[in-house]
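This report refers to the structure that appears directly beneath it.
Coordinate-derived values only; no laboratory data. Everything numeric in this text was worked out from a predicted model, so none of it was measured. So basically every Cβ, Gly included, is an ideal-geometry build from the backbone, and we count neighbours across all protein chains shown.
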Amino acid sequence: MTATRATGEREAEVFERIEAFRRRAPRLRDEHVTLAHGAGGKASAALLEAVFLPAFQAGSPPAPLTDAALLDAAPGRVAFTTDTYVVKPLRFPGGSIGDLAVNGTINDLAMVGARPTALSVAFVLEEGLPVDVLRGVVTDMAAAADRAGVPVVTGDTKVVDRGAADGLFVTSAGVGVVPPGRVLDVSGVRPGDAVLVSGPIGDHGVAVMLARGDLAIDADVSSDTAPLHGLVEGLLAAAPGTRWLRDATRGGVGTVCNELARDTNLAVVLHEAALPVRGPVASACELLGIDPLYVANEGRLIAVVPPGEADAALFALRAHPFGVGSTCIGEIRAEPGGIVVLVTPYGGTRIVDTLVGDPLPRIC
């Protein structure tokens, strides 16, 4: 059975459980979110019972609705992260704000070597938001959490006046545990280390941009949004000397590499010919005058590994469904310190600087 088929069957099981729970839940009479849904009374309870509980408690025994979740602690250091998602539009090829919030939070934990254990989500809803739109986002979120094996254990909902939230915003937080002895830090990066990327870059940012419909560009591009904690575990098992990890979200690979160069005072040398960029993404970026190096990703990581472990690291990454397109894109050098250098296919070089602003706002 292929990974894609297995994932599809798993999602179908999740949707079936959610639908079964919804059939048992009280029917919500409102078709749109109102300010009453954020007031904490009967309307709030109806929204909770008809939309959120069917998604996040489907397949689980009923539990008291307390204000905090209790989690079992495991040996190691606790990792904690939080993020807010304001992506526009709410749904785009390959994903939605729902699975983006789950995957992005999981990935932030994974990049420090943590094994994610639980998630929290908070919704800011705009008055007038169709309940079916909210239900779709919540279902996406539940399916993504189930697929990743990281449950959503607590959350909150607030409603604001019409025009104050552009539909809905999501804030997510995550908790994980870094196993004893596992350290991923820029202090370990050394000259000669290899710089790897786990797949083609720029897919997410271009997919969201095209989904807005403001540009007359027709391209088959889907977001790369994915949970990367399993990929990281495979990488660290094969290359235990891995120095540093980062998911290349806002600002893309170019910004991440600049942060690495700044924090280490070493040079990150990238090879343009080695950068994996899909044809439709490259064409869209060329038409818009945007460098793919600065376009956001939501399912790609940058890894710095010792040169002697680079081959093993790539083999492990490529063996995982989310790392099939992994490649080595450069190396760390002592000089010139603190900058990112791109080597062109013609042997020339240019500096890859940090952008002042974001060429594609609201992509996550």
Across A237, A79, A194, the residue with the highest GNM fluctuation in the chain (Cα network, 10 Å cutoff) is A237
Segment 284-305 residues near the modelled R350 label - backbone nitrogen below 13 Å, point 7 Å along Cα→Cβ:
286, 289-294
Could you tell me the largest-minus-smallest coordinate of the C-alpha atoms of the chain on each of the three principal axes, in descending order and whole angstroms?
66, 52, 39
Report the residue, chosen from D72, D161, D83, that carries the largest GNM mean-square fluctuation when the chain is represented by alpha-carbon nodes joined by springs under 10 Å.
D72
Work out, step by step, the length gained on full extension between A73 and R190: first 0.36 nm times the residue separation, then minus their alpha carbon distance; give nm to one decimal.
38.7 nm
Cα axis of helix 229-238 to longest principal axis of the chain: angle in degrees, 0 to 90, nearest 10?
30
Theoretical FRET efficiency, 1/(1+(r/R0)^6), r = Cβ-Cβ of T66 and A36, R0 25 Å, to 0.05:
0.60
What does the charge count near T81 come to, summing +1 for each Lys or Arg and -1 for each Asp or Glu among other residues with Cβ under 12 Å from its Cβ?
-3
Pairing the Cα long axis of helix 252-264 with the longest principal axis of the chain, what angle in degrees results, from 0 to 90 and rounded to the nearest 10?
60
Over the chain: helical MRE at 222 nm, DSSP H runs n ≥ 4 each giving -39500 (n - 2.57), nearest 500:
-9500 deg cm²/dmol
Using a ≥ b ≥ c from the Cα gyration tensor of segment 186-351 (square roots of the eigenvalues), is it rounded, prolate or oblate, where a/c under 1.5 gives rounded and otherwise the larger of a/b and b/c decides, a/b for prolate?
oblate
Please get the size of the charge dipole for the chain, origin at its Cα centre, with Cβ charges of +1 on Lys and Arg and -1 on Asp and Glu, quoted in debye to the nearest 20.
520
Using the Cα centre of segment 186-351 as origin and beta-carbon charges of +1 (Lys, Arg) and -1 (Asp, Glu), tell me which of P306, T349, V324 is placed farthest towards the positive end of the dipole.
P306
If a paramagnetic tag sat 7 Å from the Cα of N265 along the Cα-Cβ line, which residues of segment 164-193 would have the backbone N under 19 Å from that point?
185-193
Of the peptides 207-218, 297-308, 125-136, how do they stack up when ordered by the mean number of other Cβ atoms within 10 Å, highest first?
297-308, 125-136, 207-218
